[in-house]
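Worksheet: the structure to be examined is printed underneath.
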Amino acid sequence: MNKKALIVWGGWDGHEPEQVAGIFKTILEEENFDVEVANTLDVYADREKLKILDLVVPHWTMGQIEGTYVSHISEAVQSGVGLAGCHGGMCDSFRTNVDWQFMTGGNWVAHPGNDGVNYTVNIKILRANT
């Protein structure tokens with residue numbers, strides 16, 4: 001049985017949410033995940049569905065979210081569902097929601113050095129021994 005992942009994208013277009021969601025989807029499918037992709041926060045309304053997932057990947061920048069949606073995701077994560085994301089798609093999702101910041105373990109402040117800093121990102125996929 002494949003693991004189940006949910007990718008949720010939206011918000012500010014500058015972080016290319018749809019394109020990033022597509023990259024995540026490809027990577028997860030290569031790792032034998034069944035992947036659902038949504039471009040609405042309403043998928044967070046179903047608390048029980050979230051709890052049967054193996055992974056939630058938010059990529060939503062500078063938006064607003066209902067408190068109940070954050071509670072549902074937080075409960076799922078506390079029950080063992082994984083949470084993964086990158087850059088502003090996860091920790092700059094909902095700037096005014098402190099519970100989201102606690103769950104993700106971060107809060108967007110600024111790019112180091114402001115704009116114009118070049119950097120390299122290395123992605124390493126770790127596989128659990130099965």
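Each value in this text was obtained by applying a stated rule to the coordinates, not by laboratory testing. This structure is a prediction, so every number in the text was calculated from the model and none was measured. Cβ: placed from backbone, ideal geometry, glycine included. Neighbour counts: every protein chain shown.
So here's what we get for this one:
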{"quantity": "Those residues of region 13-41 which are more than 20 Å from I125 (Cβ to Cβ) and either surrounded by fewer than 14 Cβ atoms within 10 Å (Cβ to Cβ) or in contact (Cβ under 8 Å) with a residue 60 or more places away in the chain (or both), in sequence order", "calculated": "D13, G14, H15, P17, E18, T40"}
{"quantity": "Residue within region 103-112 that is of a type outside the set (S, T, Y), closer than 20 Å to R47 by Cβ and touching a residue at least 12 places away in the same chain (Cβ under 8 Å) present", "calculated": "yes"}
{"quantity": "Condition broken by N118, with the remaining ones in (1) without any contact (Cβ under 8 Å) to a residue 24 or more places away in the chain; (2) under 15 Å from the mean Cα position of the chain (by Cα); (3) more than 28 Å from N32 (Cα to Cα) satisfied", "calculated": "(2)"}
{"quantity": "Any chance I7 is on the phi < 0 side of the Ramachandran plot, β-branched (V, I, T) and buried (at least 20 other Cβ atoms within 10 Å of the Cβ)", "calculated": "yes"}
{"quantity": "Condition check for E48: under 21 Å from S74 (Cα atoms) and surrounded by fewer than 14 Cβ atoms within 10 Å (Cβ to Cβ)", "calculated": "yes"}
{"quantity": "Residue among V57, V70 that is buried (at least 16 other Cβ atoms within 10 Å of the Cβ) and closer than 19 Å to Q19 by Cα", "calculated": "V57"}
{"quantity": "Answer residue from region 86-96, given it is assigned to a helix (DSSP H, G or I) and small (G, A, S) and is surrounded by the fewest Cβ atoms within 10 Å (Cβ to Cβ) among those", "calculated": "G88"}
